[in-house]
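Inspection log for the structure reproduced underneath, given as structure tokens.
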Amino acid sequence: MKTLYLILVWFGAVVALSVTGAFDTGPGRPPLGLLLAITIPIIVYVVDRSYLHGALLGGIHELDGATAIFLQTQRALGVVFLVEYARGHLPAGFALPAGLGDVAVGLAAPWVAQNLAAKKPHAAAVARFWNYLGIFDLVLALTMGVTHGGPPLGIFASEISNQAVTQYPLSLIPTWAVPLAFILHLRTLQSLGPVVSSLSSRRMATA
């Protein structure tokens, strides 16, 4: 329950900051607020797991892999990027890879989670591969977002600005949904265990 309360407080803080324009890059403003909003929750998760023994986010640490994957179904909401691109509010170089990638990862999540829960053959390997793709999608979206933004990092900036994604309500995606997705990916990979250990166990079982 503590974890749920903390997540709700986190979400409320992000909403409040978004509404006040704290993440709005604006002309000549670097995306420092966005970067902090993304990295701080991930750092807190890692520190909590490694040093605080789950005192803050124990509820997430206790999630099984299938549940953590199923929760990523919300990634399909990335379709909003495609909608905003169609309306001319976001550049194609950012909106298309971010939107299509999120939709693909989100739609595949229930199937991957179901197979993992049912312990079907190769389900763990598929889940691990799906996680790597999901992380790659997030990194790609963030990279495209920064490089299609303002100077000095906006090397691909065009006439259509991606400033809308730094303003409420779209700003909730990079500042809350993205770090939460990263955390869920980390939890899933931790639940699946190291690749080497998984392969060793499989060989022992078939020996």
*Residues that are open to solvent by less than 90 Å² (accessible area, probe 1.4 Å) and of a type in the set (Ser, Thr, Tyr), drawn from the range 1-53*: Thr3, Ser18, Thr25, Thr39, Tyr45, Ser50
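Each row is one residue, and each column tells you yes or no for (1) in contact with a Phe, Trp or Tyr (Cβ under 8 Å, 6 or more places away or on another chain); (2) of a type in the set (D, E, K, R).
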position: Val19; (1), (2): yes, no
position: Tyr45; (1), (2): no, no
position: Asp64; (1), (2): no, yes
position: Gln72; (1), (2): no, no
position: Val79; (1), (2): no, no
position: Ala86; (1), (2): no, no
position: Pro91; (1), (2): yes, no
_Failed criterion for Leu71 (all others in (1) open to solvent by less than 40 Å² (accessible area, probe 1.4 Å); (2) among the aliphatic types (A, V, I, L, M); (3) touching a Leu at 6+ places or on another chain (Cβ under 8 Å) hold)_ = (1)
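Per-residue answers, yes or no, for (1) of a type in the set (D, E, K, R); (2) assigned to a loop (DSSP other than H, G, I, E, B); (3) at pLDDT 90 or above; (4) surrounded by fewer than 20 Cβ atoms within 10 Å (Cβ to Cβ):
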{"position": "Pro110", "(1), (2), (3), (4)": "no, no, yes, yes"}
{"position": "Ala113", "(1), (2), (3), (4)": "no, no, yes, no"}
{"position": "Asp137", "(1), (2), (3), (4)": "yes, no, yes, no"}
{"position": "Met144", "(1), (2), (3), (4)": "no, no, yes, no"}
{"position": "Pro151", "(1), (2), (3), (4)": "no, yes, no, yes"}
{"position": "Ser158", "(1), (2), (3), (4)": "no, yes, no, yes"}
{"position": "Pro169", "(1), (2), (3), (4)": "no, yes, yes, yes"}
{"position": "Thr175", "(1), (2), (3), (4)": "no, no, yes, no"}
{"position": "Leu184", "(1), (2), (3), (4)": "no, no, yes, no"}
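Of all the helices (runs of 4 or more DSSP H) wholly in the range 5-103, which have at least 2 residues that are of a type in the set (Phe, Trp, Tyr) and on the phi < 0 side of the Ramachandran plot?
Correct list: 79-86.
Please work out if Ile38 is among the β-branched types (Val, Ile, Thr) and more than 29 Å from Gln167 (Cβ to Cβ).
Values: among the β-branched types (Val, Ile, Thr): yes; more than 29 Å from Gln167 (Cβ to Cβ): no.
No, not satisfied.
The values are calculated or read from the model by the stated rules, or taken from the named source; none is laboratory data. Note that the structure is a prediction, hence the values are computed from the model and not measured. Virtual Cβ from ideal backbone geometry, glycine too; neighbours counted across all protein chains shown. Keep in mind that these areas ignore ligands, DNA and RNA; they rest on the heavy atoms of the full protein, side chains included. Shrake-Rupley method; radii C 1.70, N 1.55, O 1.52, S 1.80 Å.
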